[in-house]
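Everything on this sheet refers to the single structure shown next.
The values are calculated or read from the model by the stated rules, or taken from the named source; none is laboratory data. Source: prediction; values computed, not measured. Note that we place each Cβ from the backbone using ideal geometry, even for glycine, and neighbour counts take in every protein chain shown.
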Amino acid sequence: MHTNIDRTKIPEAGTIPGFSLLDETKLSRIKLSNGIDLRTYRYKKLPVVQLYLVIRTGAYSDPVQKAGMTNLLSEMLDEGTKNRSALKIADDFDFLGTHFNTWASMDGCGLSMLSLREHLDTSLEVVSDVIQNPDFPENELTRIRQNVLTKILQEADQPNVLATKAFVKKIYGEDHPYGYPLLGTTDTVTSIERGELSDKYSRSFMPNNASIIIVGDIDAKEIANKLETALSGWEKGNALSADVQEIPDPGGSEIFLLHRPDAVQSQIRIGHRGLERKHKDYFPVRVMNQVLGGQFTSRINLNLREDKGYTYGASSLWDMRKFGGHFLAAGGFQGEYTDKSVYEIIKEFREIRDKGVTHAELESAKEGLIRSLPRQFETPSQIATQLANVALYDLPGNYYDTFVENVQRVSLEDVDRAAAMYIRPENVTVVVVGDADSIKTPLEYLGIGKVILTDAQG
Amino acid sequence: MIAIPSNYPIEFNESKYNDQGSMPLNGAVTYEKYTLDNGLDVILHIDRTVPVVSVNLWYHVGSAREVRGKSGFAHLFEHMMFQGSQNAAAGLHFKLIEDAGGTLNGSTTTDRTNYWATVPKNYLELLLWLESDRMGWLLPAMTEKKLHTQIDVVKNERRQNYDNRPYGLAFEILSEHLYPEDHPYSWTTIGSMEDIGNASLGDVTAFFKQYYGPNNASLCIGGDIDIEKTKSLVSQYFGSIPSGPPVAKMKPRIPDIRDAIYLTHEDNVQLPRLYMAWHTTHVYGHDDAEMDLVIDALSHGKNSRLYRSLVYEKQIAQDVSFMHISREIGSIAIVVATARPDISLHQIKQTIDEDIDAFVSDGLTDREFDRVRNAQKSSFTYSLQRVGGFFGVTDRLNEYNIFLGDPGFINNDLTRYLDTTKENIRSAAGRYLEPNKRVVLNIVPKGKTELAFK
């Protein structure tokens, strides 16, 4: 028995479900006695506990001659403590089936742990040892440093990585920490010594410079008590202060071409300096980017993939950091269409800057952003990631309560103004990694800017 | 796979069965399964953690159904499934789901093709409309232009993920030598440039009629759903789609390698990498779980045998991984290790061989035995966090249903890992990881064949 339905009509959406992103009754924020900012969220579906440690000092604080230090520090955290060897730490976690990782970014660093509830106490014992007592053993440092140097060497194999590295270098320059890759360079990593790492550790790993996020099947007071005990030896101090210089944008446009003989595809990056994470126009810019290149049905992807078939996928993004950021469009494009791809992307920049977006595009971008929220709060690690971002970027405590409102408030004028103010098609840095022999001349014919042949070292 | 901006595509999405088990610690996974008159299996699973719903649809067809000369077609067809159907115009699929705040993707392996989307729960009917329209009314919307654009997109996918990627051709080379020419696992799901380019609209029609009928599919809907209402919607949208011809199940066909095969390939890479592959069993077959545990003990974590000796102690390798790729008509175990600068693959191979020999003669220690089983147990619980997406609960219910005819195996699977013995694990390693029964592939930097093992 099949009721007749009218297939020619798009089904109506039913009633929008009520959903509070982070139910306040499950959320709590507690200051521990040594200054740790603890944020917890009760999750009861499964007997698991997710922990994130967020240290608010990232690679932005590395001197440029020591680029890669924050990354190396994070990689060394679980390579030996005053009580446990590297193998013992790994064995303790693996035996329980506890997942443990360290992380580092331009803006912060830390670690994460996912444990079964039944193994929480034992897992916390090891985690708190790693947080408080890393010893940076010389022999492990030699091994990890070599591992990082080899990773840097292998990046030469990956055109997409080369393209992004060259792009940020051109955008921020050699005097700015954001101009360096997170891993550092061969020279900088080689020069980092044990004493420098332990010094960096003691000036950034402090309870008053840390947030701990806990999402799991555990009561806030109970976990607060456990952490008070486990981290009782961790002492406050004065964290490194930020000394990140503003650097003016280069004027005009230039194309940097990295030669990969016979490459069948060109990796392209096009963009310029952008905005910091706490910029007042965060929401208009986010909505505008959805239309431009932030989703599958964005202008850039529909044009270059679905209409022209030049690429498997193209997108644009705003990397918004603590101290500034950048905007770029990116993708891998069939070699023979390299010039056309660059042309089309810049054309899309110009279109949105000059003509803005349509009412339909605006509504669809806003609704998409709002409606996508529930599914981003499903798992403990998703919830913890969201809370960690609020902590790391020092966003308001009610950030997610007001998120929907803030998106809804974005008007057509706001988006058009943001596009006109922040997208600068005449002032782009273009990086192309591809077969220079066949694409250099066509790129010159575009007339965008000088085409400069360069190598992986920039 | 579709490349979704800012959500970079997974490169090679072979099914992996390592992360599975059974019985969450707080009770079994509940579901309801029934079959429509046209043969479509329907599985419903309630989870009200967040007000979203995920629709996951498996078609029991992958590149294993292709014939030589038409390689890559199952995957190209997956792309065509996003190009509109009779009532849903081209481009609407992405547009409507993204406007609903949803996320979606699809993937093709040797054995199956899956499609999924996750949206706020009030958009369930929209997903059912889109899925049913392309299951029942795809062909009227197919055009030459759409096909040719997707051929270009897929060729670019191949350039990006295989031809232009370091070591990107390794799996293709291994497959060619692991299987005889007429075995469908002898080519990869992406297919050859030439075959992709030769696909025609006639191929699209024939493939659709043969393999995309409801009787060759399994639909799983999970999340914040009302069972009765969902059943009624499923019946309205899918009930009138006619069955396709019966599709016979493929039988395992596992070749026997008698003499090891040694290959060397020069690539645009900085460091040499060694690949060694063995045939094992088939998905959910005898020894399948045991081989997963062998691989865990050998390569997962700093204390695993191979990681410890190659990367930690001798420091001759940058990385090592061992995978057990469980597939319907023949599984393989592959070890992959990248040499540190100036290290030859001969040294790497020697160390791996010694470690495997020791494992086969002595078996696991008690601590290793506990460790690998604990890892399976916790991974199983962790894997129940997500309802939708690749390897989410809906995806796995469909997997058990497609391969075993029983989604309920989700609640028994972990038993395979917990109830086995040290001796079963040791002897499985001995049966499959024999030195003369493998394909050894050296990938070396151009002009540096002296680094290869010969």
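Quick look at the values:
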| read-out | value |
| --- | --- |
| Failed condition for B:Thr381, given (1) farther than 18 Å from B:Lys302 by Cβ; (2) of a type in the set (S, T, N, Q); (3) in contact with a Phe, Trp or Tyr (Cβ under 8 Å, 6 or more places away or on another chain); (4) within 13 Å of chain A (Cβ to nearest Cβ) | (3) |
| Those residues of the range A:402-438 which are aliphatic (A, V, I, L, M) and surrounded by 23 or more Cβ atoms within 10 Å (Cβ to Cβ), in sequence order | A:Val415, A:Ala418, A:Ala419, A:Ile423, A:Val428, A:Val430, A:Val431, A:Val432, A:Val433 |
| Search result, residues across the range A:77-127 that are under 21 Å from A:Val48 (Cα atoms), more than 10 Å from chain B (Cβ to nearest Cβ), among the polar types (S, T, N, Q) and in contact with a helix residue (DSSP H, G or I) (Cβ under 8 Å, 6 or more places away or on another chain) | A:Thr102, A:Ser112, A:Thr122, A:Ser123 |
| Selection status of A:Gly325, more than 13 Å from every other protein chain (Cβ to nearest Cβ) and within 23 Å of the chain's Cα centre (by Cα) | yes |
| Per-region count, the range A:395-437, residues farther than 24 Å from A:Tyr337 by Cβ and either assigned to a helix (DSSP H, G or I) or not assigned by TED's automatic domain parsing to the domain that holds A:His326 (or both) | 17 |
| Hits in the range B:219-273 - residues which are touching a Lys or Arg at 6+ places or on another chain (Cβ under 8 Å), more than 9 Å from every other protein chain (Cβ to nearest Cβ) and acidic (Asp, Glu) | B:Asp256, B:Glu266 |
| In the range B:423-450, residue surrounded by the fewest Cβ atoms within 10 Å (Cβ to Cβ) [restricted to those that are at pLDDT 95 or above and assigned to a loop (DSSP other than H, G, I, E, B)] | B:Asn436 |
| Candidate set from the range B:347-385 (those that are of a type in the set (A, V, I, L, M) and closer than 24 Å to B:Arg396 by Cα); member that is surrounded by the fewest Cβ atoms within 10 Å (Cβ to Cβ) | B:Leu384 |
| Residue match in the range A:30-53 (condition: in a helix (DSSP H, G or I) and away from chain B (no Cβ under 14 Å)) | no |
| Selection from the range A:367-376 of residues that are surrounded by fewer than 21 Cβ atoms within 10 Å (Cβ to Cβ) and either assigned to a helix (DSSP H, G or I) or of a type in the set (A, V, I, L, M) (or both) | A:Glu367, A:Ile370, A:Leu373, A:Gln376 |
| Of all residues in the range B:302-313 being without any contact (Cβ under 8 Å) to a residue 24 or more places away in the chain and part of a loop (DSSP other than H, G, I, E, B), the one that is nearest to the other protein chains (Cβ to nearest Cβ) | B:Lys302 |
| B:Thr394 being within 14 Å of another protein chain (Cβ to nearest Cβ) and among the polar types (S, T, N, Q) | yes |
| Which listed residue, of B:Leu397, B:Leu404, is surrounded by fewer than 19 Cβ atoms within 10 Å (Cβ to Cβ), in the same structural domain as B:Ser326 (by TED's automatic domain parsing) and within 18 Å of the chain's Cα centre (by Cα) | B:Leu404 |
| The range A:150-170, residues that are in contact with a Leu (Cβ under 8 Å, 6 or more places away or on another chain) and either β-branched (Val, Ile, Thr) or more than 10 Å from chain B (Cβ to nearest Cβ) (or both) | A:Thr150, A:Ile152, A:Leu162, A:Ala163, A:Ala166, A:Phe167 |
| Test: residue in the range B:150-173 that is of a type in the set (A, V, I, L, M), touching a strand residue (DSSP E or B) at 6+ places or on another chain (Cβ under 8 Å) and away from chain A (no Cβ under 14 Å) | yes |
| Answer from B:Glu125, B:Glu172, B:Glu144, B:Glu194 - the residue that is surrounded by fewer than 22 Cβ atoms within 10 Å (Cβ to Cβ), of a type in the set (Asp, Glu) and under 30 Å from A:Ala13 (Cβ atoms) | B:Glu125 |
| Count of the range A:300-312 residues which are more than 9 Å from every other protein chain (Cβ to nearest Cβ) and either crowded, with 24+ Cβ neighbours inside 10 Å or over 23 Å from A:Glu336 (Cβ atoms) (or both) | 1 |
| All positions within the range A:281-299 that are under 16 Å from A:Arg350 (Cα atoms), facing chain B (nearest Cβ under 7 Å) and in contact (Cβ under 8 Å) with a residue 24 or more places away in the chain | A:Gly293 |
| Hits in the range A:306-341 - residues which are out of contact with any Phe, Trp or Tyr (no Cβ under 7 Å at 6 or more places or on another chain), closer than 24 Å to A:Thr358 by Cα and not hydroxyl-bearing (Ser, Thr, Tyr) | A:Glu306, A:Asp307, A:Lys308, A:Gly313, A:Ala314, A:Leu317, A:Ala329, A:Ala330 |
| Residue that is among the aliphatic types (A, V, I, L, M) and assigned to a loop (DSSP other than H, G, I, E, B), where the choices are B:Val269, B:Val294 | B:Val269 |
| Residues of the range A:330-347 that turn out to be at the interface with another protein chain (Cβ under 10 Å from one of its Cβ atoms) and either within 12 Å of A:Ala314 (Cβ to Cβ) or part of a strand (DSSP E or B) (or both), as a count | 6 |
| Qualifying residue in the range A:279-299 (condition: surrounded by fewer than 21 Cβ atoms within 10 Å (Cβ to Cβ) and among the hydrophobic types (A, V, I, L, M, F, W, C)) | no |
| Which numbered condition A:Ile423 misses (of (1) under 18 Å from A:Ala163 (Cβ atoms); (2) touching a Lys or Arg at 6+ places or on another chain (Cβ under 6 Å); (3) among the aliphatic types (A, V, I, L, M)) | (1) |
| Selection status of A:Arg277, within 14 Å of chain B (Cβ to nearest Cβ) and either of a type outside the set (A, V, I, L, M, F, W, C) or outside any helix (DSSP H, G or I) (or both) | no |
| Candidate set: the range B:276-307, residues that are among the polar types (S, T, N, Q) and within 19 Å of the chain's Cα centre (by Cα); chosen: the one surrounded by the fewest Cβ atoms within 10 Å (Cβ to Cβ) | B:Thr281 |
| Candidate set from the range B:332-346 (those that are surrounded by 23 or more Cβ atoms within 10 Å (Cβ to Cβ) and touching a Phe, Trp or Tyr at 6+ places or on another chain (Cβ under 9 Å)); member that is farthest from the other protein chains (Cβ to nearest Cβ) | B:Ile332 |
| Wholly within the range B:45-161, helices (runs of 4 or more DSSP H) carrying at least 1 residues that are more than 18 Å from A:Gly368 (Cα to Cα) and among the charged types (D, E, K, R) | B:73-80, B:124-136, B:144-158 |
